[in-house]
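The values are calculated or read from the model by the stated rules, or taken from the named source; none is laboratory data. Remember, predicted model here, so these are calculated numbers, not experimental data. Quick reminder, even Gly has a Cβ in these numbers, built from the backbone with ideal geometry, and neighbours come from all protein chains shown. Just so you know, the surface numbers come from the protein's heavy atoms only, side chains and all, with ligands and any DNA or RNA stripped out. Shrake-Rupley method; radii C 1.70, N 1.55, O 1.52, S 1.80 Å.
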Amino acid sequence: MGTHNTTETCRPVPACTDPHRRVVGAAPAICPRSPRVRAGVAVLALTLLLLLAGCGKAPWNDPYPDAQRLTNTVYTSFSERPKHLDPVRSYSADEYAFLAQVYEPPLQYQLLLRPYQLVPLSATEVPVAHYVDAQGQPLPGTAPAEQIAYSDYLIRVRPGVRFQPHPAFARDASGALRYQRLTAADLRGINRLADFSDTGTRELTAADFVYQIKRLAAPWLHSPIAGVMQEHIQGFKELGDRLAPVAAQDPVARVQALRAARLDGVEAVDPLTFRIRVIGKYPQFAYWLAMPFFAPMPWEAEVFYAQPGMKERNIVLDWYPVGTGPFMLTENNPNLRMVLSRNPNFWGETFPTQGMPGDAAAGLLKDAGRPMPFVDQAIYSLEKEDIPRWNKFLQGYYDSSGLSSDAFDQAVRIGGDGGPSLTEEMQSRGIELLTSVETSISYLGFNMLDPVVGGYSEQARLLRRAISIAVDYEEFVSIFANGRGLIAQGPLPPGISGYREGEGGINPYVYEWQDGRPVRRDIAQARTLMEQAGYPGGRDAKTGRALSINYEAVATGPDDKSRLAWMRKQFEKLGIELVIRSTDYNRFQEKMQNGTGQVYMWGWNADYPDPENFLFLLYGPNGKVEHQGENASNYDNPEFNRLFDQMKYMEDGPARQAVVDQMLEIARRDAPWLWGFYPKAFSLHHQWLLNANPNKMANNTLKYRRVDTVLRERLRVQWNPPIVWPLWGILALVVVLVIPALWMVRRRERSTAL
Amino acid sequence: MSAYILRRLLYAIPILIGVNLLTFVLFFVLNSPDEMARMQLGEKRVTPAAISNWKREHGYDQPLLFNESAQGLAKVTQTIFFQRSVRLFAFDFGSSDNGRAIGYDISQRMWPSLAIAVPVLLVGLALNISVALFIVFFRATYLDLGAVVLSVAMMSISGLFYIIGGQFLLSKLFHLVPISGYDTGFEAWKFLILPVIVGVIGGVGSGVRWYRTLFLEEISKDYVRTARAKGLTERRVLFRHVLGNALIPILTGVVVVLPLLFMGSLITESFFGVPGLGSYTIDAISNQDFAIVRAMVFLGAVLYILGLILTDISYTLVDPRVRLQ
């Protein structure tokens, strides 16, 4: 078609057809009717036709290879490359998204039950602590905490569990480990773990758990929980001290030294049982057993990765996990994608059979009792920017998606009752919305060491309470979090034992209960509190000077400006001048460490669903300045501390609730924090992704997911038909522009000066 | 010429030391080893002992530039600067602060960067020169004026607009290409179409305007008048004479950027999900990974110097009057 048009266009120009009429220097190449031009246009058209014809029925914008269509795969994305995939070091949600599918610690959180409940994973049952006194004599479970010298946890390992196929376990004909003495020649041509031809496996044993716990103590592995475990596991600190000189040795020698080292408080009783001796009473220890830190590690893997030449190829344990879980990491390119594939050696865990009332009706127990995992593969693609991530989700190329602020209005509308619902566009695509309150808190803290906003005098308390009323967090959540937050009445979020719903759970110093809901106290009450505190109208009654407070803000982008301006306005309601001292996160941490700030905003994500994990943020001996702990406000109320010491040893129940209530009352009265809000997670998923249930404590949820691949493929094709007319349009435009241009060139060349 | 190249290479040594020193000072003005350790160890439950342990293991427990407690030459050598810089000159980049081999990462990430940068350069060069010559052919006409206005308009638009606009039109609206992503081998082609188109179109405005200026400067010279006087067509004058003589400034701009193509483009790679080197340095700055920052700055400086030397050499190829001594 293009050729035909070209011929038509150049018909009035007879010069080209007659070579004898060509002038010197005239290049036939520019003649639109020349064979070269025709050939060029034909090639262009042919290429376009081939492109159109060669693409089959698959959508053109499908980012995945054709071979993956209809495969039982979950597609999702990640925005931050994981820093560590060694369970001894990893301590962030980004990393757990991969790690928790590969490694299996002794315990896990039940998927559906609330409050969160521990159930066995690589152990056969949830261990019960056995108490002993200083002489090693057993004590009853009801023994007072001060009598308990040690708590013994006897953990029985699930029999028949095998590690994923891995070269570290490969054996030669003689039965020796094949890849444990690699030379430079052996490593020639090896660039990835998959380049090793042979793999092997072996059964999980108690020794693998013991070895991993010893790894936690190894100074060269920099485990973030080494400091915590020193306080709790018998002999942990001593082992760390003994291993310190080994840190300078080569990696293989370090592994051998670690294998040979003895950790007093941890021992393998038999091949499938090990005991952990915890100092004193520490009921929260069971929660640690559900974290990847305590997942088993085969020594063969560490020896394998420690060999010379492996690190230079980035084939390291920190990058290639070796576990017993339902999946194994088969492609590790954090700059592009991470691929988890079904572990053929997985032991066959089944979908939980218990759920909350309504779960069965909601279809969440349809797969109860069926062996997991349900998918063969999960592909995580790196998406640093929100726009392409969101569009690929809408095109059906990601099965689920978070919700950025930019896309919020397109996807969700907030009803008059404050409840979220999907927009018509999302509903028409069958997209489903899942919301859940995170087990975390975002708060505004006062530095209790500061002479103005800190301290425990009534004047200081009243000042902090006045500010607590003035800073309208409902507005903050509405403006800056698209309503994705539940206003906090104290440090404990929902889902954590100790949290109270309703009137009994409100902070009476800031809220009143009206018409069945908490209502923020009037600003006039805050101004009265300011007068009582000695700052009428925001001025110091003694000196007459305006009260000025420094706000330590981590603000690095232009988006932070509006947030800071809003915060300044909140303090202005009381006549307080808020001086914004914005800085980067490094400086902010330094100020917190030195206790030089006055007011700051920070947050906390729960390690485990126990009130101890939140209330310790206000525990005096955990103060940041004096003890380098996580209590950034340096709050230190002796009564609160005493109750904390009592509460942390108690089992959940009415007695513990009563203690927690007392602690909350003290904290609310002292107001070391503006309690801020508990963030709400909004996630969207397509109708073909099944068993998507938000569990904010469990990270190993991939095994529960199921995909309707036929529906996904049908909708992808339906949603992404290639629209080719723009291509023809471009071709026509080129023809329309180029041919007259060539004609003009030729005409201009042929024109005479006069 | 070899003596000239050798001399230029020797000049490069003090330049590289200076670049390295400047990078070092700028980095450590903003980041202390304690902060680096905190960043690597995570935010929760980091103890002072863990920080000092990390610093000791990574060699950040030494003084930055001068070790007063050491003796003799060790005052200089037992410092973070010396320990971290010497190996760079042997192109041994070592490991990043989180333990990955930097040389390996660079060798893996430079290919996707090149896969975009080379086509963008070549197609862009061909298109810009062709359009610029065409405009010059019609100089001082409304066509010329219109093209200049359009060029100015195009170069005034942010590169981000072309990226988002390209993604919206070609992927979201017309469903013709993937919106982002990458693959290895031949499968990569479908991911390269959009970034290459966007890269070429995004550079047309400034490119055409620049080349038009070069050609206009040449076209007013005596040799062009002579060429016309002997009866050559305008096309032959433009392609054979003007283009040939304008090659020196074109080469200045092109050859110097050739080695830097390895370094990739941050925004393009970020929006198109291309695993190139573009974001490597930026990510390292965000993560306070000094090992990567110094390696990439050093590599960038080396490549830039190499580009300048190649430019000088290329002069001798296109202009017989130039001699390197």
Original post:
Of all the residues that make up segment B:265-292, how many are over 15 Å from A:GLU385 (Cβ atoms) and crowded, with 24+ Cβ neighbours inside 10 Å?
Top reply: 4
Subject >> Filtered residues of segment A:390-410 (kept if open to solvent by 10 Å² or more (accessible area, probe 1.4 Å) and farther than 13 Å from A:HIS685 by Cα) >> reply: A:ASN391, A:SER404, A:SER405, A:ASP406, A:ASP409, A:GLN410
Original post:
Looking at A:ALA248, A:ALA260, which one is more than 32 Å from the chain's Cα centre (by Cα), within 14 Å of another protein chain (Cβ to nearest Cβ) and under 28 Å from A:PRO308 (Cβ atoms)?
Top reply: A:ALA248
**OP:** Write out, first by first residue and then by second, each pair whose Cβ atoms fall under 9 Å of each other, whose residues are 6+ apart or on separate chains, and whose first residue, in segment A:342-369, is within 30 Å of A:THR199 (Cα to Cα) while the second is loosely packed, with under 12 Cβ neighbours inside 10 Å.
**Re:** A:TRP347/A:GLY160; A:THR350/A:GLY369; A:THR350/A:ARG370; A:PHE351/A:GLY369; A:PHE351/A:ARG370
**OP:** Would you check if A:VAL126 is under 25 Å from A:ASN699 (Cα atoms) and modelled with pLDDT of 95 or more?
**Re:** yes
**OP:** Would you mind listing the helices (runs of 4 or more DSSP H) fully within segment B:126-229 where at least 2 residues are farther than 18 Å from B:PHE271 by Cα and of a type in the set (Val, Ile, Thr)?
**Re:** B:142-156, B:189-219, B:222-229
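Kindly indicate which of B:PHE93, B:PHE66, B:PHE82 is out of contact with any Ser or Thr (no Cβ under 7 Å at 6 or more places or on another chain) and open to solvent by 40 Å² or more (accessible area, probe 1.4 Å). Before you say what the answer is, go through the steps one by one.
Values: B:PHE93 fails: open to solvent by 40 Å² or more (accessible area, probe 1.4 Å); B:PHE66 fails: out of contact with any Ser or Thr (no Cβ under 7 Å at 6 or more places or on another chain).
The conditions single out B:PHE82.
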Subject >> Residue ranges of strands (runs of 3 or more DSSP E) in segment A:576-687 with at least 1 members charged (D, E, K, R) >> reply: A:577-583, A:673-685
**OP:** Six or more apart or on different chains, Cβ under 6 Å: which pairs go from a residue in segment A:374-395 that's closer than 17 Å to B:ILE163 by Cβ and more than 7 Å from chain B (Cβ to nearest Cβ) to one that's open to solvent by less than 10 Å² (accessible area, probe 1.4 Å) and not acidic (Asp, Glu)? Could you list them?
**Re:** A:TRP390/A:ALA407
**OP:** Please work out which one of (1) out of contact with any Phe, Trp or Tyr (no Cβ under 7 Å at 6 or more places or on another chain); (2) in contact (Cβ under 8 Å) with a residue 12 or more places away in the chain; (3) within 14 Å of another protein chain (Cβ to nearest Cβ); (4) open to solvent by 30 Å² or more (accessible area, probe 1.4 Å) is the condition A:VAL710 fails and give its number.
**Re:** (3)
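Under the condition of being open to solvent by less than 60 Å² (accessible area, probe 1.4 Å) and more than 11 Å from every other protein chain (Cβ to nearest Cβ), which residue from segment A:722-739 is nearest to B:ILE179 (Cα to Cα)? Explain how you work it out, then say what you get.
Applying the first criterion (open to solvent by less than 60 Å² (accessible area, probe 1.4 Å)) to segment A:722-739 yields A:722-724, A:726-727, A:729, A:731-732, A:735, A:739.
Narrowing the set further to residues that are more than 11 Å from every other protein chain (Cβ to nearest Cβ) leaves A:731-732, A:735, A:739.
Details: A:LEU731: 22, A:ALA732: 25, A:VAL735: 28, A:ILE739: 33 Å.
Out of the qualifying residues, it is A:LEU731.
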**OP:** List the number of the failed condition for A:ALA207; all other conditions in (1) surrounded by fewer than 22 Cβ atoms within 10 Å (Cβ to Cβ); (2) without any contact (Cβ under 8 Å) to a residue 40 or more places away in the chain; (3) under 19 Å from A:ARG259 (Cβ atoms); (4) of a type in the set (Gly, Ala, Ser) hold.
**Re:** (2)
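Which ones in segment A:217-268 are part of a loop (DSSP other than H, G, I, E, B), closer than 19 Å to B:HIS58 by Cα and hydrophobic (A, V, I, L, M, F, W, C)? I'd like the intermediate steps shown before the answer.
Filtering segment A:217-268 for residues part of a loop (DSSP other than H, G, I, E, B) gives A:218, A:222-225, A:234-235, A:249-250, A:261-265.
Next cut, closer than 19 Å to B:HIS58 by Cα only: A:218, A:222-224, A:249-250.
The one that is part of a loop (DSSP other than H, G, I, E, B), closer than 19 Å to B:HIS58 by Cα and hydrophobic (A, V, I, L, M, F, W, C): A:ALA218.
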Subject >> Candidates B:GLU57, B:GLU43, filtered to the one that is of a type outside the set (Ser, Thr, Tyr) and not in a helix (DSSP H, G or I) >> reply: B:GLU43
Original post:
Of all residues in segment B:284-306, which are modelled with pLDDT under 85 and either touching a helix residue (DSSP H, G or I) at 6+ places or on another chain (Cβ under 8 Å) or at positive phi (or both)?
Top reply: B:ILE285, B:ASN287, B:GLN288
Original post:
Exactly one of (1) within 14 Å of another protein chain (Cβ to nearest Cβ); (2) closer than 17 Å to B:MET296 by Cβ; (3) touching a helix residue (DSSP H, G or I) at 6+ places or on another chain (Cβ under 8 Å); (4) not small (Gly, Ala, Ser) is unmet by B:GLN108. Its number?
Top reply: (3)
Original post:
Going through segment B:130-151 one residue at a time, which ones are open to solvent by 30 Å² or more (accessible area, probe 1.4 Å) and hydrophobic (A, V, I, L, M, F, W, C)?
Top reply: B:VAL131, B:PHE134, B:ALA140, B:LEU143, B:LEU145, B:VAL148, B:VAL149, B:LEU150
Subject >> Whichever residue in segment B:156-169 is without any contact (Cβ under 8 Å) to a residue 60 or more places away in the chain and buried (at least 17 other Cβ atoms within 10 Å of the Cβ) and, among such residues, is farthest from the other protein chains (Cβ to nearest Cβ) >> reply: B:TYR162
**OP:** Taking the options B:ASN20, B:ASN53, B:ASN67, name whichever one is under 30 Å from A:TRP604 (Cα atoms) and of a type outside the set (D, E, K, R).
**Re:** B:ASN53
Subject >> Lone qualifier among A:TYR64, A:TYR131, A:TYR96 - being outside any loop (DSSP other than H, G, I, E, B), within 14 Å of another protein chain (Cβ to nearest Cβ) and open to solvent by 10 Å² or more (accessible area, probe 1.4 Å) >> reply: A:TYR96
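Take B:ALA49 and tell me if it is within 8 Å of another protein chain (Cβ to nearest Cβ) and modelled with pLDDT under 85. Give the steps one after another, and end with the answer.
Details: within 8 Å of another protein chain (Cβ to nearest Cβ): yes; modelled with pLDDT under 85: yes.
For B:ALA49, the condition - within 8 Å of another protein chain (Cβ to nearest Cβ) and modelled with pLDDT under 85 - is met.
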Original post:
Which of the residues belonging to segment A:490-509 are surrounded by fewer than 20 Cβ atoms within 10 Å (Cβ to Cβ) and of a type in the set (S, T, N, Q)?
Top reply: A:SER497
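Matching residues to (1) basic (Lys, Arg); (2) surrounded by 16 or more Cβ atoms within 10 Å (Cβ to Cβ); (3) away from chain B (no Cβ under 14 Å):
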{"residue": "A:ASP318", "(1), (2), (3)": "no, yes, no"}
{"residue": "A:ASN335", "(1), (2), (3)": "no, yes, no"}
{"residue": "A:SER341", "(1), (2), (3)": "no, yes, yes"}
{"residue": "A:PHE346", "(1), (2), (3)": "no, yes, yes"}
{"residue": "A:THR350", "(1), (2), (3)": "no, no, yes"}
{"residue": "A:GLN354", "(1), (2), (3)": "no, no, yes"}
{"residue": "A:PRO357", "(1), (2), (3)": "no, no, yes"}
{"residue": "A:ALA362", "(1), (2), (3)": "no, no, yes"}
Original post:
Is it true that some residue in segment A:617-634 is at positive phi, surrounded by 15 or more Cβ atoms within 10 Å (Cβ to Cβ) and touching a residue at least 12 places away in the same chain (Cβ under 8 Å)?
Top reply: yes
Subject >> segment A:270-316, residues that are over 26 Å from A:LEU107 (Cα atoms), within 14 Å of another protein chain (Cβ to nearest Cβ) and open to solvent by less than 10 Å² (accessible area, probe 1.4 Å) >> reply: A:MET310, A:ASN314, A:ILE315
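Test A:ARG158 against the stated conditions and say whether it is crowded, with 18+ Cβ neighbours inside 10 Å, among the charged types (D, E, K, R) and either at pLDDT 95 or above or within 37 Å of the chain's Cα centre (by Cα) (or both). Give the steps one after another, and end with the answer.
Details: crowded, with 18+ Cβ neighbours inside 10 Å: yes; among the charged types (D, E, K, R): yes; either at pLDDT 95 or above or within 37 Å of the chain's Cα centre (by Cα) (or both): yes.
Here the answer is yes, as A:ARG158 does meet what is asked.
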Subject >> Qualifying positions in segment B:170-190 - touching a residue at least 60 places away in the same chain (Cβ under 8 Å) and surrounded by fewer than 23 Cβ atoms within 10 Å (Cβ to Cβ) >> reply: B:ALA188
